[in-house]
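Colleague: What follows is a structure written as C-alpha cells; I'll ask about it next.
The values are calculated or read from the model by the stated rules, or taken from the named source; none is laboratory data. Just so we're clear, the structure is a prediction, and the values are computed from it rather than from any experiment. Here Cβ is always computed from backbone atoms with ideal geometry, including for glycine, and neighbour counts include all displayed protein chains.
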Amino acid sequence: MLKNRILLLLISILVVVLLFQLPKSVVENDAPVAVDSLQRVNPEQANTGNSMHSGIPVAFKKIIADYRTLWANAAEKEKKAIFADSLANRYLEAGVFDSAGWFAEDAASFFNTVNAWEKAGDAYFQAFTFAIDAQKQKTLAEKAQNFYQKVLEKQPDNLVVKNNLAMTYLSSANPMQGVLMLREVLAQDPKNETALFNLGMLSIQSGQYENAIERLQQLLVISPEHIQGNLLLGLAYMNTNQKEKARSQFEKVKKMDPDPAVQATVDSYLKDLK
C-alpha cells in the first residue's frame, strides 16, 4: 500500500518537474495529431479522438485549426516548416505533446539545426513521460533519443539534453544505460541538480533508500528549497525507519508549499509516522 502510494507520488513529482520545464512563449498551431508508431503519421489521418486532445480549450482549437490550414496549404517548404514550428509551440502550450513532437519533427526536417532537433526531442520526451501505453512509450522514447543523440553529437556538453536522454532509457531493455548516463552527467558537473534529483528518485523507486538519501542530501546542500527533493528525502528517511528525520522533512515541505494537494500528501505521510 505504502509502496504504491510512493510510486504514484514519484510519477506526480516527475510530471510537476516536466511541467515547470515547458516553454512559456505562445506560437501558432492547429488540430490533433497522434504518434502511434515509429513511422510518421499523416496528421489528417490521425486519431482526433485521442483523450489528450479532449481537454484543449475551444479558443486553442480555433487557433490550432487556423494554423493547420495554413500549414496544409503552404506551397513553399520554408513557410510550411515555419507553420509546423508554430503548431508545435501551440500544441506544447495545450499539453498535447505527441502532436507537438510530430510538428516539431516536421520543422526540424527542414531547418536541420541543433535548436530544431532539441525542440523535437523535448516535445517527444514530454509525450514519452505522459504516455501510459507501453508500446507508445517505447516509440516516443526512441523518437526523443534520435533527436537528442543528434544534439549531443554537436553539443556533447549539453547536460540538459543528456539528463532527458538518460531518462528515456529507463523504460528500455537496458535501464542501466540511463543510470550510467546520469552518473556521467554528475562526473561532468557534480552539482547538477537534475541528475542528483533523478538518481535520488530512481533509487527510491528501486528500494535503494540509502543511495537515495545520499543523492538527495547532496541536492539539498546545493538547493535547500528544492520542494520535490525535500519531499523525496522524507520518503527515503521514512523507508529506513528514521521517523524523526522523516517527520522533520515533511514538516519542512508543509511550510514550503501551501498547495492543497501537497499539504494533503504530506499530512498522509505524517499520519503514517504516528
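Colleague: Looking only at residues in region 221-253 that are more than 15 Å from Tyr209 (Cβ to Cβ) and surrounded by 17 or more Cβ atoms within 10 Å (Cβ to Cβ), which one is modelled with the lowest pLDDT?
Modeller: This residue is Gln228.
Colleague: Restrict the check to region 212-220 and report whether at least one residue is modelled with pLDDT of 95 or more and small (Gly, Ala, Ser). Lay out the reasoning, then the answer.
Modeller: As a first pass, look at region 212-220 and keep what is modelled with pLDDT of 95 or more: 212-220.
Going one step further and asking which of them are small (Gly, Ala, Ser), we end up with 212.
Yes - at least one qualifying residue is present in region 212-220.
Each row is one residue, and each column tells you yes or no for (1) in contact (Cβ under 8 Å) with a residue 12 or more places away in the chain; (2) of a type outside the set (S, T, N, Q); (3) closer than 22 Å to Trp102 by Cα.
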{"position": "Gln126", "(1), (2), (3)": "yes, no, yes"}
{"position": "Asp133", "(1), (2), (3)": "no, yes, yes"}
{"position": "Ala173", "(1), (2), (3)": "no, yes, no"}
{"position": "Arg183", "(1), (2), (3)": "yes, yes, no"}
{"position": "Asn192", "(1), (2), (3)": "yes, no, no"}
{"position": "Leu219", "(1), (2), (3)": "yes, yes, no"}
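Colleague: While we're looking at this one, here's another question. Among the residues that make up region 108-127, is at least one of them under 26 Å from Gly229 (Cα atoms), out of contact with any Phe, Trp or Tyr (no Cβ under 9 Å at 6 or more places or on another chain) and of a type in the set (Val, Ile, Thr)?
Modeller: Within region 108-127, none of the residues are under 26 Å from Gly229 (Cα atoms), out of contact with any Phe, Trp or Tyr (no Cβ under 9 Å at 6 or more places or on another chain) and of a type in the set (Val, Ile, Thr).
Colleague: Additional query: List pairs: first in region 226-251 and assigned to a loop (DSSP other than H, G, I, E, B), second aromatic (Phe, Trp, Tyr) and surrounded by 17 or more Cβ atoms within 10 Å (Cβ to Cβ), Cβ under 9 Å, 6+ apart or cross-chain?
Modeller: Once the first residue is assigned to a loop (DSSP other than H, G, I, E, B) and sits in region 226-251, its partners that are aromatic (Phe, Trp, Tyr) and surrounded by 17 or more Cβ atoms within 10 Å (Cβ to Cβ) give His226/Phe197; Thr240/Tyr209.
Colleague: Would it be correct to say that Tyr209 is of a type in the set (Ser, Thr, Tyr), under 23 Å from Leu170 (Cβ atoms) and crowded, with 16+ Cβ neighbours inside 10 Å?
Modeller: Here the answer is yes, as Tyr209 does meet what is asked.
Colleague: So, in region 199-211, exactly how many residues are modelled with pLDDT of 95 or more and more than 12 Å from Thr240 (Cβ to Cβ)?
Modeller: The qualifying residues number 2.
Colleague: Within 20 Å of Tyr237 (Cα to Cα), within 17 Å of the chain's Cα centre (by Cα) and aliphatic (A, V, I, L, M): which single residue out of Leu182, Leu220, Leu196 fits that description? Break it down into steps so the answer makes sense when it comes.
Modeller: Numbers: Leu182 fails: within 20 Å of Tyr237 (Cα to Cα); Leu220 fails: within 17 Å of the chain's Cα centre (by Cα).
Exactly one residue qualifies, and that residue is Leu196.
Colleague: Going by the structure shown, is Ala166 in a helix (DSSP H, G or I), of a type outside the set (S, T, N, Q) and closer than 27 Å to Lys138 by Cβ? Quick ask: steps written out before the conclusion?
Modeller: Numbers: in a helix (DSSP H, G or I): yes; of a type outside the set (S, T, N, Q): yes; closer than 27 Å to Lys138 by Cβ: yes.
It is true that Ala166 is in a helix (DSSP H, G or I), of a type outside the set (S, T, N, Q) and closer than 27 Å to Lys138 by Cβ.
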